[in-house]
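Participant: The structure's right below; bear with me while I get my questions together.
The values are calculated or read from the model by the stated rules, or taken from the named source; none is laboratory data. As the structure is a computational prediction, the values presented were derived from the model and not from experiment. Reconstructed Cβ throughout: ideal geometry from the backbone, glycine too, with neighbour counts over all protein chains shown.
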Amino acid sequence: MNFFAGDGDEARSINAAANAREDRKIAGLRRMRRTALCLLVLMIALLFACVVWQAQYPWLAWPRAFAEAGTVGAIADWYAVVALFRRPLGLPIPHTAIISQNQQRIAESLGHFVEENFLTPDLIVDRLGSHDAAKALAQWLAQPANSRGVADVAADAVAGLLAGMNEKDVQWFFDHLVIPQLRTLDVSRMAGNVLQILTEDERHQPWLDHGLDALEKWLVANVEMIKAKFSETSKYTPARLDAYIVRKFVEGIIALLHEAAASPDHELRRQFDETVRELIVQLQTSPVHRRFGRSLMRDCIRHFRQADYYRVPLDRLREHVIADLGREPSAMRDAFTRMLVSLGKRIGREPEIQRKLNAWWLTLARELVTRYGRQVSVLITEVVKGWDAEEVSRKIETEIGRDLQYVRINGTFVGGMVGLLLHAATLFVMH
């Protein structure tokens, strides 16, 4: 469709300027699509990392709740955006490619129809509540062929994302999403919280035992060096006396280490625990430590930028990942498949987990539908009015598609925050 008419140089100049503006908008739209996809992959990676290590580190339930809800929000917003203009993934899914296929009818009725028949919270929850979604998902994932299909789709998406990303995309991602969050990060308090978690319920005692054992081995292996250093500083005593003193000193230290290792209530352990507790309090409350943590983070960010670390990790990651995904068998595909199968079997064996997942899913569904149902309806109604051709649909996407990608990004973070709130509310109710 040509929105400009006329002959001569002026008409050609106007058309050229319009085409240039459209090309810039299309390029911006493509960049935002890649950024939104990168954020989705990051949420999925965080989710599966939490799934793998949550059994060892229970506190990962919080970032897992964020990643789960963020992934759902990102995928839901992606589907909503794509369905307005084309077939998602090229599949003939009903009620998609809305603008080009139904422009005459949709302009007046689709907004209200979707709101009244699809986005009613009670209807959504009632339909979803009649199915044991967690059990069905677990049984489906437990089949290696199904998990392999999911792994292949995710691996292909990662490969495509890495192949399409360039240095500017990575730099934009870090400058606009990662670094602003790092600047606000309270490193000192976070370090104190991590240290507190590590020391709760005497979790640090095995590490202390290893430390005592390592110190003993070092002393035994370096007795001669200690003797030599002692002799250097004690020039007026006989060598035999120096050796005797050092031997007795080392034997005394080793005996002390044995006592501390054998006695859970040893004074050395109490002093160590008290020192650690004082350090935790200082890290969590001291303004001096807080300022030092912020200064350290600023220095790290500055070094990160100056050392051109945007390009090096991207090149190495792209090289190794694409090479692995192109091989058969692929270590990443196989590992991802095994992880999904294991996850499905674990959920299938735990009715309590299924119950919690179903309750969480229904609560999340109600919250999302209640909060965003009306906005989706209004958006659809306003956009489709006045359509008369597929070219208009394409141009509408060119004009507003970049903003819709921000909806995907915002939906990821909003979904993540909702997941955290729901997780907190679930813990509150359970306790």
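Participant: Over 30 Å from residue 256 (Cβ atoms), outside any helix (DSSP H, G or I), under 21 Å from the mean Cα position of the chain (by Cα) and modelled with pLDDT under 75: does that describe residue 177? Reasoning before the result, please.
Facilitator: Values: over 30 Å from residue 256 (Cβ atoms): yes; outside any helix (DSSP H, G or I): no; under 21 Å from the mean Cα position of the chain (by Cα): yes; modelled with pLDDT under 75: yes.
No.
Participant: Restricting to segment 219-238, name every residue that is touching a helix residue (DSSP H, G or I) at 6+ places or on another chain (Cβ under 6 Å) and of a type in the set (A, V, I, L, M, F, W, C).
Facilitator: If the condition is that a residue be touching a helix residue (DSSP H, G or I) at 6+ places or on another chain (Cβ under 6 Å) and of a type in the set (A, V, I, L, M, F, W, C), then 219, 223, 226, 230 are the ones that fit.
Participant: Starting from segment 330-358, take each residue that is closer than 12 Å to residue 135 by Cβ and list its partners that are part of a helix (DSSP H, G or I) and charged (D, E, K, R), counting only C-beta distances under 6 angstrom and pairs at least six apart or across chains.
Facilitator: 354/135
Participant: Condition check: modelled with pLDDT of 75 or more and loosely packed, with under 15 Cβ neighbours inside 10 Å. Does residue 371 satisfy that? Before you say what the answer is, go through the steps one by one.
Facilitator: On the way: modelled with pLDDT of 75 or more: yes; loosely packed, with under 15 Cβ neighbours inside 10 Å: yes.
It is true that residue 371 is modelled with pLDDT of 75 or more and loosely packed, with under 15 Cβ neighbours inside 10 Å.
Participant: Here is a further query. Residue pairs, Cβ under 8 Å, 6 or more apart or interchain, first in segment 263-286 and without any contact (Cβ under 8 Å) to a residue 24 or more places away in the chain, second hydrophobic (A, V, I, L, M, F, W, C) and in a loop (DSSP other than H, G, I, E, B). List them.
Facilitator: none
Participant: Okay, next question. Taking segment 271-300 as the region of interest, how many residues are among the small types (Gly, Ala, Ser), farther than 13 Å from residue 185 by Cβ and in a helix (DSSP H, G or I)? Steps first, answer last, please.
Facilitator: As a first pass, look at segment 271-300 and keep what is among the small types (Gly, Ala, Ser): 286, 293, 295.
Within this subset, residues satisfying the condition of being farther than 13 Å from residue 185 by Cβ are 286.
When the remaining residues are screened for being in a helix (DSSP H, G or I), the result is none.
The number of residues fulfilling the criteria is 0.
Participant: If you go through segment 322-336 one residue at a time, do you hit one that is more than 21 Å from residue 74 (Cα to Cα), at pLDDT 85 or above and crowded, with 16+ Cβ neighbours inside 10 Å?
Facilitator: No: zero hits.
Participant: If I filter segment 275-284 for residues that are basic (Lys, Arg) and either within 25 Å of residue 193 (Cα to Cα) or modelled with pLDDT of 75 or more (or both), do I get at least one hit? Break it down stepwise before answering.
Facilitator: Initial filter on segment 275-284 (basic (Lys, Arg)): 277.
Subset that is either within 25 Å of residue 193 (Cα to Cα) or modelled with pLDDT of 75 or more (or both): 277.
Yes; the residues of segment 275-284 include at least one that is basic (Lys, Arg) and either within 25 Å of residue 193 (Cα to Cα) or modelled with pLDDT of 75 or more (or both).
Participant: Please work out if residue 227 is over 24 Å from residue 208 (Cα atoms), exposed (fewer than 12 other Cβ atoms within 10 Å of the Cβ) and among the charged types (D, E, K, R).
Facilitator: Criteria not met by residue 227.
Participant: Of all residues in segment 64-84, count the ones that are surrounded by 21 or more Cβ atoms within 10 Å (Cβ to Cβ) and among the aromatic types (Phe, Trp, Tyr).
Facilitator: 2
Participant: I would also like to ask the following. Keeping to segment 120-145, report how many residues are among the hydrophobic types (A, V, I, L, M, F, W, C), in a helix (DSSP H, G or I) and within 30 Å of residue 334 (Cβ to Cβ).
Facilitator: To start, the set of residues in segment 120-145 that are among the hydrophobic types (A, V, I, L, M, F, W, C) comprises 123-125, 128, 133-134, 136-138, 140-142, 145.
Adding the requirement that they be in a helix (DSSP H, G or I) leaves 123-125, 128, 133-134, 136-138, 140-141, 145.
Then drop every residue that is not within 30 Å of residue 334 (Cβ to Cβ), which leaves 133-134, 136-138, 140-141, 145.
Residues flagged as among the hydrophobic types (A, V, I, L, M, F, W, C), in a helix (DSSP H, G or I) and within 30 Å of residue 334 (Cβ to Cβ) within segment 120-145 amount to 8.
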